[in-house]
Amino acid sequence: MRTPHRRRGAIGASAFAGLLCATLLVAPASSAVPADVPTDVPAADAPTRADHTTPYKNPRLSTEKRVDDLLARMTLAEKVGQMAQAERVDVVDDPGQIAELGLGSVLSGGGSVPDGNTPEAWADTVDAFQEQALSTRLGIPLLYGVDSVHGHNNLHGATVFPHNIGLGATRDPKLAERIGHITAEETRATGPQWTFAPCICVAREDRWGRTYESFGEDPKLATKMSQMIEGFQGRQGQLDDPDRVLATAKHFAGDGFTVFGTGEGDYTVDQGITQTSRAEFEKLALSPYIAAVKKHDVGSVMPSFSSVDWTDDGLGNPVKMHANKELVTGWLKEKRDFDGLVISDWRAIHQIPGTYAEQVAASVNAGVDMFMEPFSGDPVGYPQFIETLTSAVEDGAVPTARIDDAVSRILTAKFELGLFEKPFTDRRNIDEIGSEAHRRVAREAVAKSQVLLKNSHRTLPLSGGDDVYVAGSKADSIGDQAGGWTISWQGNSTHQIPGDTILDGISAAARGEVTHSPDASAPVPAGAHGVVVVGEHPYAEGFGDVGGPQWGYDPGETELRPPLTMQISEEDTAAIETVCAAAATCTVLVVSGRPMIVPPDLLGQIDALVACWLPGSEGRGVADVLFGKRAFTGKLPVTWPRSVDQEPINVGDADYDPLYAFGHGLRTRR
Ligand code: GLC
């Protein structure tokens, strides 16, 4: 018995409208429009694949009816194939696997880009894979997923927005929605119909490498900013529009406050163990998912790699979220009536104790519906997953009803996305990618995300006529300011993408002389105002953990990266001291995925201090507030500690004594 699915709009208004036109113009006299088809929709394009003889191919029927009809026609092999998601790299040289195995989905992981990495190359790749899926017996179209987490960030030329921690500093959910919509438009125009975003994680341990993927440490802020989901998906019935994608609320749940030292493998925090009571977990980790499901009707949820260990029951029994039936099925699907699909994280089930057969059965039975088993064989991937799950059903380890529920959820997403009527990429918006209009929104977001922490003697805003002396390792590096999940999984200081660095922005805004000397070795002109831009190199996931792995992950990285410590580097510290000693005023900008430690003696030399976070491609937004084109309005989304030893430190803690409190942010006038 399938749970009645709340419809995100069986098919969108455009398809219904087209259907209505088609029906009125061509429908045989006997086919009265079924009762559940609304007739009050405006005209739009006619669907291209209407087939009124086979129910699941008939867009006039409800999603419910179409899913039921299709499911009843599917073999076990076809059902299990729908539950498997492969990586682009593993199918691109042999796309026939998609048809042979009846794969439900393909993803591009971070940096997994088609040759040329152009919008057309993306769309051609996705469409070629779609051809394979449509050639199967039942012609079930393919879902293609990507991590568009701050714009369509894998794609060269996409608008790259501030990472979520900066958006949290804006406290502007409508802006988050606008960004989600632009991201959806740039993503869908190149083929992918699904983004693994937003992360609604609540980062309470800043030594975590994914702190910047969070909107902040307060679950109420994460709830507020999850409005981004509506930007991705639109309102009821818009999912099949060419500027919308299925969203993913992730990582369910508690990924943001695992205990330091419990990280998985080489990680110190990431994928670790959340040790807490059920009540505290509900308040801090689960609460953002209530709005994501109930208010925003998010189409998918991704469990966390991490585990939960209940203090209620006495610590010592951590359960991986990917095998956590109490939370995935009990809380999310049953208590909160989540009717979308649960997609596993990258090979996450391999961290569940037991054999692969036990891992697969445990995760499917816990309520995970589709499995990101990216590899084609060695190491174990989607072919073995399909074999193993098929055996598990045949052996009775996994009930058929669970398979039918999972596949129904997957098919529902595909119907709601309009993929049965319009399976191929609608490229009408492809020229909007990276457009001036999109970049203006990104620039606005950058400006609103800047947090003014200190501003002695009203140092800021600078006057446009001032001479400016710019130093620091992050002033002229678009790769650093974009951070991880940009072009490649880990990001890279050397990445070049269209946009402006912070130095570009300063040079464009200042009418006085601008001197740029990264290490402050050039003389500081008399009367010049100093701006020193410091921060972190890019990283992603556990590679960003304090004390985490240092080896590079991007192709071509040959030497170890410097360790991540939340401390300002010696070189940048020296640059700050040099500039602050010589310049008329001294402003320090921190480009980082989390707070960085500013020791008291250094802070004493600094006149103005700004948290820039990871602004993305539009560095001019930083200059907009530096020079008063816009006022500083940002507020800290996370607590700014005095030292790393204070971590984890969060608003509401007893003896809360940070350098700058959650919510702090000085304002200036324009
Ligand atoms: C990664 C991340 C997850 C991402 C997925 C696909 O490991 O944990 O956030 O969506 O794999 O790239």
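The requirement of being in a loop (DSSP other than H, G, I, E, B), on the phi > 0 side of the Ramachandran plot and not hydroxyl-bearing (Ser, Thr, Tyr) is fulfilled somewhere in segment 613-622, by at least one residue. For segment 344-359, a residue qualifies if it is part of a helix (DSSP H, G or I), over 15 Å from Ile386 (Cα atoms) and either small (Gly, Ala, Ser) or away from the ligand (no atom under 16 Å from the Cβ) (or both), and exactly one does: Ala348.
On the basis of being of a type outside the set (A, V, I, L, M), assigned to a loop (DSSP other than H, G, I, E, B), within 16 Å of the ligand (Cβ to nearest atom) and at pLDDT below 95, does Pro379 make the cut?
On the way: of a type outside the set (A, V, I, L, M): yes; assigned to a loop (DSSP other than H, G, I, E, B): yes; within 16 Å of the ligand (Cβ to nearest atom): yes; at pLDDT below 95: yes.
In short, yes.
If you filter segment 199-228 down to residues that are of a type in the set (A, V, I, L, M) and within 16 Å of the ligand (Cβ to nearest atom), you find that the one that is farthest from Leu246 (Cα to Cα) is Ala203.
Mind checking whether some residue in segment 294-315 is assigned to a strand (DSSP E or B), within 16 Å of the ligand (Cβ to nearest atom) and more than 28 Å from His181 (Cβ to Cβ)? So that I can check it myself, show each step before the final result.
We begin by selecting, within segment 294-315, every residue assigned to a strand (DSSP E or B); these are 300-303, 307-310.
Retained after the next criterion (residues that are within 16 Å of the ligand (Cβ to nearest atom)): 300-303, 307.
With the extra rule that they be more than 28 Å from His181 (Cβ to Cβ), the set shrinks to 307.
Yes: one or more hits.
Only one entry in Lys454, Lys422, Lys448, Lys474 is closer than 20 Å to Ala189 by Cβ, touching a residue at least 60 places away in the same chain (Cβ under 8 Å) and not hydrophobic (A, V, I, L, M, F, W, C), namely Lys422. For first residues located in segment 499-511 and outside the structural domain of Pro615 (by TED's automatic domain parsing), partners that are of a type in the set (Asp, Glu) and lie 6+ apart or on another chain with Cβ distances below 9 Å do not occur.
One line per residue, one yes/no per condition, for (1) charged (D, E, K, R); (2) under 26 Å from the mean Cα position of the chain (by Cα):
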{"position": "Asp426", "(1), (2)": "yes, yes"}
{"position": "Asn429", "(1), (2)": "no, yes"}
{"position": "Ser456", "(1), (2)": "no, no"}
{"position": "Ser477", "(1), (2)": "no, yes"}
{"position": "Gly483", "(1), (2)": "no, yes"}
{"position": "His495", "(1), (2)": "no, yes"}
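Rundown of residues vs (1) assigned by TED's automatic domain parsing to the domain that holds Leu239; (2) touching a strand residue (DSSP E or B) at 6+ places or on another chain (Cβ under 9 Å), yes/no style:
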residue: Gly377; (1), (2): yes, no
residue: Leu389; (1), (2): yes, yes
residue: Asp405; (1), (2): yes, no
residue: Leu411; (1), (2): yes, no
residue: Glu436; (1), (2): no, no
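Only residues that are among the charged types (D, E, K, R) and either at pLDDT below 95 or within 15 Å of the ligand (Cβ to nearest atom) (or both) were counted across segment 127-151, and they come to 1.
Scanning segment 244-269 for residues that are hydrophobic (A, V, I, L, M, F, W, C), in a loop (DSSP other than H, G, I, E, B), buried (at least 24 other Cβ atoms within 10 Å of the Cβ) and away from the ligand (no atom under 13 Å from the Cβ) turns up Val245, Ala253, Val269.
One residue alone among Asp404, Asp369 is away from the ligand (no atom under 16 Å from the Cβ) and either acidic (Asp, Glu) or in contact (Cβ under 8 Å) with a residue 12 or more places away in the chain (or both), and that residue is Asp404.
Residues checked against (1) within 19 Å of the chain's Cα centre (by Cα); (2) farther than 16 Å from Phe257 by Cβ; (3) in contact (Cβ under 8 Å) with a residue 12 or more places away in the chain:
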site	(1), (2), (3)
Gly299	yes, yes, yes
Met302	yes, yes, yes
Phe305	yes, no, yes
Asp309	no, no, yes
Leu315	no, no, yes
Val328	no, yes, yes
Lys333	no, yes, yes
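Of all residues in segment 391-446, those satisfying the criterion of being among the hydroxyl-bearing types (Ser, Thr, Tyr) and either in a helix (DSSP H, G or I) or surrounded by fewer than 22 Cβ atoms within 10 Å (Cβ to Cβ) (or both) are Ser391, Thr400, Ser408, Thr412, Ser435.
The values are calculated or read from the model by the stated rules, or taken from the named source; none is laboratory data. Everything numeric here is computed off the predicted structure, so don't read it as measured data. Neighbour counts are summed over all protein chains in view; Cβ atoms, including those assigned to glycine, are modelled from backbone coordinates with ideal geometry.
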